[in-house]
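Trainee: One structure follows; several queries about it will come next.
Just so you know, all these numbers are worked out from the coordinates, no wet-lab data involved. All values reported here derive from a predicted model rather than from experimental measurement. When we count neighbours, we look across all protein chains shown, and the Cβ atoms used for this are built from the backbone with ideal geometry, even at glycine.
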Amino acid sequence: MPKETEEARDERKRTFIEALKETKYRALVEPLHRKTKAYLEGEIPAEDLFKTIHYVSKESGELVQMFKKRPDVILAGIAMEENLYVTEICDINVKVRRGDLTVLFVDAIVNPANTGGSMGGGVAGAIKRSGGDIVEKQAMAAAPIALGTAVATEAGDLPNLFVIHAPTVDKPAGSSSPERIEAAVSAALAEAERVEAQTIAIPGMGTGVGGVPFDEAARAVVEGICAHETKGISDIILIDRDERMAEAFVKALERYDGENG
């Protein structure tokens, strides 16, 4: 796969930030729209509407100023706000966030796949919904994807270059294990090196139908990173919507820092 040029990366950043701006603007305006409608229909007093107007006025000013900054400054600001923990493992910056894997500006995101490549529910389903059917079609075309290996596909409508499919189960309803998770992470990072992806996002793996407890899954992900000999990867974001998984990532990294500090 051809390496992304600086011009293409800059354009990808601009596209990502424009989409992010629209999302944040809508998140601010839509509640105001609902409050205005409720006031006009006599459902709430004017004072409630004025409180919302005051809040939107304050927040909108800050948002407008934020999106006037350079793309790199905007992305750095987002990272500072959202990172729950930051450390370094073997020259790779590793961060923890709680949030949506599919709205990150990274080169590649990891899909905790099954060996058949189908993308039904959980993280895989979310990736398919955001990226489109092309992601699943390419993954299934590459199947079977053996446990302990990984395959990169296009990212479709996602803001990334690649989705890296790393199986943690051998069938959609199969069970996983810490050993399978560690092997999947190791394979995903090797595949990221192959396609020259420098920034990677990894969600909680094996905790859904796989049945692995959050703390064991987080420890396995960190061990998979530790076992990797980096060549070009600079940043890894460990991210999950579930607060329990995000906390498990933080604890696993704290344990790593305590043992290696």
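Trainee: Specify, per residue and in Å³, the volume enclosed by the convex hull of the alpha carbon atoms belonging to segment 151-249.
Mentor: Enclosed volume per residue, from the Cα hull, is 99 Å³.
Trainee: Return, for the Cα atoms of the chain, the radius of gyration and Dmax in Å, separated by a comma.
Mentor: 20.2, 64
Trainee: Determine the alpha carbon to alpha carbon distance for each of LYS137/LYS231; LYS21/LYS68; LYS24/LYS95; LYS69/LYS128; LYS21/LYS58 and list only those over 21 Å.
Mentor: LYS137/LYS231; LYS24/LYS95; LYS69/LYS128
Trainee: Okay, moving on. Compute the signed sum of charges (Lys and Arg +1, Asp and Glu -1) over the other residues within less than 13 Å, Cβ to Cβ, of LEU104.
Mentor: Summing Lys and Arg as +1 and Asp and Glu as -1 gives +1.
Trainee: Restricting everything to alpha-carbon atoms, can you work out Rg to Rh for segment 6-77 with a Kirkwood hydrodynamic radius?
Mentor: Using only Cα positions, Rg/Rh for segment 6-77 is 1.16.
Trainee: When the gyration tensor of segment 122-205 is built from Cα positions, what are the square roots of 5 times its three eigenvalues, in whole Å, from largest to smallest?
Mentor: Rounded to whole Å, the semi-axes are 19, 16, 12.
Trainee: Taking the Cα centre of each part, how many Å lie between segment 169-244 and segment 1-52?
Mentor: Going from one Cα centre to the other spans 32 Å.
Trainee: Rounded to a whole number, what is D in µm²/s for segment 91-161 from Stokes-Einstein with the Kirkwood radius over alpha-carbon pairs (25 °C, 0.890 mPa s)?
Mentor: Reported coefficient: 193 µm²/s.
Trainee: Something else now. Between ASN93 and THR36, what is the FRET efficiency for a Förster distance of 35 Å, r being their Cβ-Cβ separation, to the nearest 0.05?
Mentor: Plugging the Cβ-Cβ distance into 1/(1 + (r/R0)^6) gives 0.20.
Trainee: Next up: Given the -39500 (n - 2.57) contribution per DSSP H run of 4+ residues, what per-residue ellipticity at 222 nm results for the chain, rounded to the nearest 500 deg cm²/dmol?
Mentor: -17500 deg cm²/dmol
Trainee: Using the Kirkwood radius built from alpha carbon pairs, what does the Stokes-Einstein equation give as D for segment 58-194 at 4 °C and 1.567 mPa s, in µm² per second?
Mentor: Reported coefficient: 80 µm²/s.
Trainee: Take the Cα atoms of segment 52-132, build their convex hull, and give its volume per residue in Å³.
Mentor: Per-residue hull volume (Cα only) is 164 Å³.
Trainee: Here's a follow-up. For a quick protection proxy, order the peptides 234-240, 156-162, 49-55 by their average other-Cβ count within 10 Å, most packed first.
Mentor: Result, highest mean Cβ count within 10 Å first: 234-240, 156-162, 49-55.
Trainee: Convert each backbone phi in segment 75-87 into a coupling constant with the Karplus relation 6.51 cos²θ - 1.76 cosθ + 1.60 (shift: θ = phi - 60°), then list the ³J(HN,Hα) values in order as whole Hz, x for Gly and Pro.
Mentor: 5, 5, x, 4, 4, 4, 6, 9, 5, 8, 7, 9, 8
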